[in-house]
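Comments concern the structure below.
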Amino acid sequence: MSRAKPLSQMLGLGLALVAALAASGCKLVDTDNKAAAQGGPPAGGPPPPPPYQMRAKIEAGDRLHTSVTGADLFSHRCGACHLTWGMGTNLLTAQQVAAGKTPDKGLLANRDDLTADYVKSVVRMGKGAMPRQTRVDVTDSELDKIAAYLGKGK
Amino acid sequence: MQLTLPPGLSPQAFDAAVKALQGAVGAGWVMTTDEDRDAYADIYAPGPETLWGASGAVAPQTVEEIQAIVRIANEHKLPLWTVSRGKNLGYGTAAPRMPGCMVLDLGRMDKIIELDPELGYCVLEPGVGFIDLYERIQQDKLPLMMSVPGNGWGSVLGNALEHGIGYTPYGLNAKNLCGLEVVLGTGDLVRTGIGAMEKNQAWNLFPFGYGPTWDLMFSQSNFGIVTKAGMWLMPEPETSLELNLDIPKAEDIGWVVDTLTPLKLHGIIDQSIFIPSWLGKMVILGQRQDFWDKPSAIPEWRVQELLKEHKLGYWKVQIRLYGDETVNKAKAEIVKAAFKKHIDTPMQEVWWRRGDPTNVMDLTLGVPSAVPLQMGNWVGGKAAHMGFSPVVPATGKHVLDQMTRSRKIIDAHDVDFYASFTIGGRFCNNVNMLMYDRDKPEQVEGIKKLFNALIADAAANGYAEYRTHLGWMDAISDTFNFNDHALRRMNEKVKDVLDPNGILSPGKQGIWPTAYAAQRGKNLA
């Protein structure tokens, strides 16, 4: 993907989204993009996509009876798509903005309207571009923790 | 999804097999509910998911557990379908070719056994994903760069074994495999190459064996279950220079390929060069209905309007050079001079130097991402895609010939033309994305008809598919027809010897064991 056409520009979300995502509490490994300074887009143009966001490290242990926290499990098991600039975050950000919400609500961890049952249903049944997750992808024990973590809407 | 039993197995016999599997891996890792069967179905299935429905899944964590599963499968005549992580999107996901197979999900085998920055290689289990390996390399700050495909969610070994492609100098992922450990259908455990010697020090470094070299016989194959493999990794370059250029017209692809191939063969460009068409850039801009609100294919006049509106060329050439700065500068001058003969537009240059951050979308710098899958959103609904991907010689003549014929067929079926070419050496992979909404049966039927027409036309002109979806595995196998399908006959003889009960992935790539030969040609798309 070219830096000349970063995804934010393509999505028509621009700087607001990038700023919102960066301010949303996600741990970015490095936000100082030297590459941009050395021949990237001209000053004033949209910034390049942010650096890759690392997932939380987890010890697998007994996955059928996990002792890992919901936050770390969410980061690790769902992070391929649901951290900053993940596929799921990009699609959900567009949906949330279209629904009049702020772009930071594209990150599931920032949502306050999810319920644990809804999270479980989407994970197992899929939704839109999201495939159904197997019990090897996420065990029932892990999903309980993740759903409790995301289900702030009770 | 309801339970579909494997051919010839009664419900009682299936139940006995499941109980035995539970004894081998623990009840929690044998998954046979309706919900489990749904989770292992092909979410992009061009037709009903039940055509390729699994009876369940079993997930071992060790080689010994795999051997136990294979023993049980032989005893109970329970066919298995092996997946590494089951993320083979567009080709069947985790679903089996033959309905009723038990998916052997190796996702729990996710150990990075070795990771050597000095000689640039790793030894992995099949459950290790691109993201897992990438994060480990970053955490340990190792000077290594991965070759990642469009879907970074999948397995490193699974992708290489399926002949997946990446976009760095190590882009032919199957060629990076070196030394495999494999459980055969008999339950025997073998190591290929010089790994056949106990405790050999170089089995993941030397690409041959003493005698015949078998590594790739286990790729796109049902001859065994790969339990670990060596994989070469590129040393991280000092610098990298990206050269970007928009190419205005569709027919320009001829001179573009004739310009790039000699540069590739002479070692000026090392990478596998990806040349996407404009639609590859548009699909993550929004949804198709935002740009063309009719079900018919986007007409040429609208294509031209969109190119202008979004300042796109018909093709995007993105070349990346890897190595020392002085060498990259010199190579860039050669590349620029070659393009200047055809086009005045200067190339946009973007430098990266070791230690600079890479962004989340830098696939050509080895950063894994699932964002390219976002293209599914283009058609909306229950969006899915397949690829028609003939391999063509990397000359303008062949590329134009293939493109002209396939475009004519795609136009005749009133489908959007969405092509890309990846120059991997002396050949191009010409991937044509076929996107459809699974909620619209007429669209699914249309895509199937189109796919069949494209396969027949390509084969008639001497071009083959490099990979395909479950529903066309037999059809593509039929196109490999030299000497009355002599290679398939050889493969099936080997299959019967190594796996006498035919329990490993029957029908994979059109290779049917005698035990399930009656299933050939059934459950096609």
When the stretch B:407-432 is checked residue by residue, the ones that are surrounded by 16 or more Cβ atoms within 10 Å (Cβ to Cβ) and touching a Ser or Thr at 6+ places or on another chain (Cβ under 8 Å) are B:Phe417, B:Tyr418, B:Ala419, B:Ser420, B:Thr422, B:Ile423, B:Gly424, B:Cys428, B:Asn429, B:Asn430, B:Val431, B:Asn432
Please work out if B:Glu114 is more than 11 Å from chain A (Cβ to nearest Cβ), out of contact with any Lys or Arg (no Cβ under 6 Å at 6 or more places or on another chain) and assigned to a helix (DSSP H, G or I).
no
May I ask you to verify whether B:Tyr322 is modelled with pLDDT of 95 or more, within 30 Å of B:Glu442 (Cα to Cα) and buried (at least 17 other Cβ atoms within 10 Å of the Cβ)?
no
Inspect all residues belonging to the stretch B:331-348 and state whether any of them is within 7 Å of chain A (Cβ to nearest Cβ) and surrounded by fewer than 20 Cβ atoms within 10 Å (Cβ to Cβ).
yes
Going by the conditions given, is B:Leu106 within 23 Å of B:Ala54 (Cα to Cα) and either touching a residue at least 12 places away in the same chain (Cβ under 8 Å) or polar (S, T, N, Q) (or both)?
yes
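Being in contact with a helix residue (DSSP H, G or I) (Cβ under 8 Å, 6 or more places away or on another chain) and either of a type outside the set (Gly, Ala, Ser) or away from chain A (no Cβ under 14 Å) (or both) is the filter here, so list the residues in the stretch B:376-392 that pass it.
B:Asn377, B:Trp378, B:Val379, B:His385, B:Met386, B:Phe388, B:Pro390, B:Val392
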Kindly provide the set of residues from the stretch B:133-169 that are within 14 Å of another protein chain (Cβ to nearest Cβ), surrounded by 21 or more Cβ atoms within 10 Å (Cβ to Cβ) and either assigned to a strand (DSSP E or B) or among the charged types (D, E, K, R) (or both), ordered by number.
B:Met145, B:Ser155
Tell me, yes or no, whether the stretch B:386-404 has at least one residue that is assigned to a strand (DSSP E or B), touching a residue at least 24 places away in the same chain (Cβ under 8 Å), in the same structural domain as B:Lys264 (by TED's automatic domain parsing) and touching a His at 6+ places or on another chain (Cβ under 7 Å).
yes
Helices (runs of 4 or more DSSP H) wholly in the stretch A:59-154 with at least 2 residues that are touching a residue at least 40 places away in the same chain (Cβ under 8 Å) and within 17 Å of the chain's Cα centre (by Cα) - which ones?
A:70-82, A:87-98, A:140-150
How about the stretch B:175-240: which strands (runs of 3 or more DSSP E) wholly inside it have at least 3 residues that are in contact (Cβ under 8 Å) with a residue 24 or more places away in the chain?
B:177-184, B:224-232
Residues to consider are B:Ala27, B:Ala54, B:Ala95, B:Ala59; find the one that is within 14 Å of chain A (Cβ to nearest Cβ) and either modelled with pLDDT under 95 or closer than 25 Å to B:Tyr466 by Cβ (or both).
B:Ala95
Residues of the stretch B:492-508 being under 24 Å from the mean Cα position of the chain (by Cα) and either free of Cβ contacts under 8 Å to residues at least 12 places away in the same chain or surrounded by 20 or more Cβ atoms within 10 Å (Cβ to Cβ) (or both), which ones?
B:Lys495, B:Ile503, B:Leu504, B:Ser505, B:Pro506, B:Gly507, B:Lys508
What residue, of B:Met361, B:Met375, is part of a loop (DSSP other than H, G, I, E, B), closer than 30 Å to A:Arg55 by Cα and of a type outside the set (Asp, Glu)?
B:Met361
Answer from B:Asp437, B:Asp416, B:Asp457 - the residue that is closer than 23 Å to B:Gly381 by Cα, assigned by TED's automatic domain parsing to the domain that holds B:Lys316 and over 22 Å from the mean Cα position of the chain (by Cα)
B:Asp416
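Report yes if B:Asp42 is within 14 Å of chain A (Cβ to nearest Cβ), crowded, with 22+ Cβ neighbours inside 10 Å and out of contact with any Lys or Arg (no Cβ under 7 Å at 6 or more places or on another chain), otherwise no.
yes
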Residues (more than 7 Å from chain B (Cβ to nearest Cβ), over 21 Å from B:Asp437 (Cα atoms) and out of contact with any Leu (no Cβ under 8 Å at 6 or more places or on another chain)) located in the stretch A:110-136
A:Asn110, A:Asp112, A:Asp113, A:Thr115, A:Asp117, A:Tyr118, A:Ser121
Could you pull out the residue among B:Val371, B:Val367 that is within 14 Å of chain A (Cβ to nearest Cβ), out of contact with any strand residue (DSSP E or B) (no Cβ under 9 Å at 6 or more places or on another chain), under 21 Å from B:Asn88 (Cα atoms) and surrounded by 17 or more Cβ atoms within 10 Å (Cβ to Cβ)?
B:Val371
Any residue that is out of contact with any Pro (no Cβ under 9 Å at 6 or more places or on another chain) and within 13 Å of chain A (Cβ to nearest Cβ) - is there at least one of those in the stretch B:62-85?
no
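The values are calculated or read from the model by the stated rules, or taken from the named source; none is laboratory data. Remember, it's a predicted structure, so these values are computed and weren't measured experimentally. Please note: Cβ atoms are built from the backbone with ideal geometry, for glycine as well, and neighbour counts cover all protein chains shown.
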